[in-house]
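Following: one structure in structure tokens, then a few remarks.
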Amino acid sequence: MSTKYKGWTDEELIKEFQDSNTLDAYEVLVKRYKDPLTNFVFRFIGDKDVSTDIVQDTMIKFYLNKDSYKSFAKFSTWIYTIAGNLAKNELKRRKRRTILSLNSSSGDDDRPLEIGDDSVIDPDRLADGEIKNVLIQKALLKVKPVYREVVILRDIQEFSYEEISEMTNLSIGTVKSRINRGRSQLQKLLKNIYKE
Amino acid sequence: MGIKDQNNMDNGYEKLSKDLKNLPKVNAPDDFEYKLMVKIQNGQFETAKVKNESGKLWKFIPATAVALSALIIFFVVQETSVNNGNPYFDGIEQPVAKTDNIPDTVNLRGPASPAIDDGSYLVIHPNDVVKKEKPVTARPRLKGVDVDGLIDGSLINRSGLNRQHVVGHGNKSFNGFLVDKDRKEIERLRARLDSIKAEKKKKIAN
């Protein structure tokens with residue numbers, strides 16, 4: 001990959017790709033966004049392999065539809081929108097499949113997550129990062145998808161309310177409201193960790 | 001949107017937000033770009049999800065085939081059972097109606113009478129009602145004789161003048177199939193006709 005495009009902004013790179021069909025510019029953008037997108041999709045879906053596939057599809061869509069990007073918007077907003085839509089489609093597909101499945105793990109269960117009946121786990125280990133992270137991810141997957149998405153974009157990906165509003169095509173008020181509800185649900189589910 | 005507003009929004013969830021931010025980052029696999037470029041160069045733009053979905057449809061084929069077979073068998077069996085309601089039904093139309101509706105006809109006319117000169121004849125119906133009816137005209141080109149018609153009386157004509165319309169086509173000497181004017185003969189033939197009809201009914205009933 002050429003080092004020529006290393007210092008370029010996202011918007012400059014996509015423009016170069018659109019105008020000259022330069023594959024190097026495309027590859028730089030892929031390298032920049034593959035990890036954050038994988039993280040975002042994984043936190044939303046909960047499956048590493050599926051997340052990788054979705055991000056691959058996102059990049060392919062980016063490649064095929066480069067001309068649909070308009071320069072007045074941020075590139076990150078555009079590519080996160082594509083990834084978010086593909087992730088939501090995957091959730092819908094899973095929902096249809098789980099109708100036939102006996103084991104349904106829908107996000108409607110508001111009961112606090114339990115570590116388990118394993119009494120071997122030392123209560124002090126509640127503070128242990130690993131177990132806590134697993135619990136948080138489990139709780140995140142139990143939050144309603146419409147809230148989950150914005151909580152991830154805000155608290156994990158650290159986007160502003162305006163950027164999230166553009167990505168999700170929601171008003172800023174709705175974005176804030178959903179973030180608040182998502183956090184509230186998470187807090188309830190993680191009652192054992194976050195004592196109110 | 002001021003910073004103050006954002007802070008207000010985040011109040012109460014600082015710890016949670018911090019923990020979310022500090023979740024370990026999940027990265028793409030090392031061969032991500034390689035696989036992506038291979039797909040692009042090979043023109044493999046069909047999404048993996050679509051592939052998986054179509055690949056999993058095959059498992060529904062046996063169930064669908066069984067269901068379709070059951071439907072087909074059901075409709076076929078139903079159709080054949082309609083025809084098999086009557087164990088004696090062999091697909092051939094039963095001429096029951098025709099037999100039942102044929103009147104008991106005997107030409108009772110005596111020798112040629114100038115009163116009935118138009119070729120009509122008297123017919124005795126099963127309810128003993130006597131009616132004057134015109135015979136079915138034979139096809140002029142046919143030289144043959146309708147024996148059945150003569151037996152059941154539909155073509156019998158005692159009129160000498162009309163004899164030629166039925167048999168012989170003008171051959172006045174031929175009288176082999178004409179009903180005799182003898183009344184006894186008429187009664188005998190009528191009885192015979194009755195018994196033939198009764199036999200037919202019995203056969204149908206069986």
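Taking the condition at pLDDT below 95 and among the acidic types (Asp, Glu), does A:GLU130 pass?
Taking the combined requirement at face value, the residue satisfies it.
Applying the selection to the range A:1-57, what residues are within 30 Å of A:GLN137 (Cα to Cα) and open to solvent by 50 Å² or more (accessible area, probe 1.4 Å)?
Matches in the range A:1-57: A:LYS31, A:ARG32, A:ASP47, A:LYS48, A:ASP49.
Can you name the number of the only condition in (1) open to solvent by 10 Å² or more (accessible area, probe 1.4 Å); (2) over 17 Å from A:LEU153 (Cα atoms) that A:GLU90 fails?
Here A:GLU90 meets the rest and fails (1).
Suppose the filter is modelled with pLDDT under 60, among the polar types (S, T, N, Q) and more than 24 Å from the chain's Cα centre (by Cα); does B:ASN7 pass it?
Judged against the criteria, B:ASN7 is a match.
Sort out for me the helices (runs of 4 or more DSSP H) sitting completely within the range B:11-78 that have 1 or more residues that are more than 8 Å from every other protein chain (Cβ to nearest Cβ), open to solvent by 90 Å² or more (accessible area, probe 1.4 Å) and at pLDDT 90 or above.
Those helices (runs of 4 or more DSSP H) span B:14-21, B:32-42.
Identify, please: which residue in the range A:130-147 is touching a residue at least 60 places away in the same chain (Cβ under 8 Å) and open to solvent by 10 Å² or more (accessible area, probe 1.4 Å) and is, among those, farthest from the other protein chains (Cβ to nearest Cβ)?
A:PRO145
What residue, among those in the range A:161-173 that are facing chain B (nearest Cβ under 8 Å) and farther than 20 Å from A:LYS70 by Cβ, is least open to solvent (accessible area, probe 1.4 Å)?
A:TYR161
For every residue, the table says whether it meets (1) outside any helix (DSSP H, G or I); (2) more than 15 Å from the chain's Cα centre (by Cα).
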position	(1), (2)
A:MET167	no, no
A:LYS176	no, yes
A:ASN180	no, yes
A:SER184	no, yes
A:LYS188	no, yes
A:ILE193	yes, yes
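The values are calculated or read from the model by the stated rules, or taken from the named source; none is laboratory data. Everything quoted here is computed from the prediction, not taken from an experiment. Cβ: placed from backbone, ideal geometry, glycine included. Neighbour counts: every protein chain shown. Quick note on the areas: whole protein, heavy atoms, side chains included, nothing else; ligands and nucleic acids left out. Shrake-Rupley method; radii C 1.70, N 1.55, O 1.52, S 1.80 Å.
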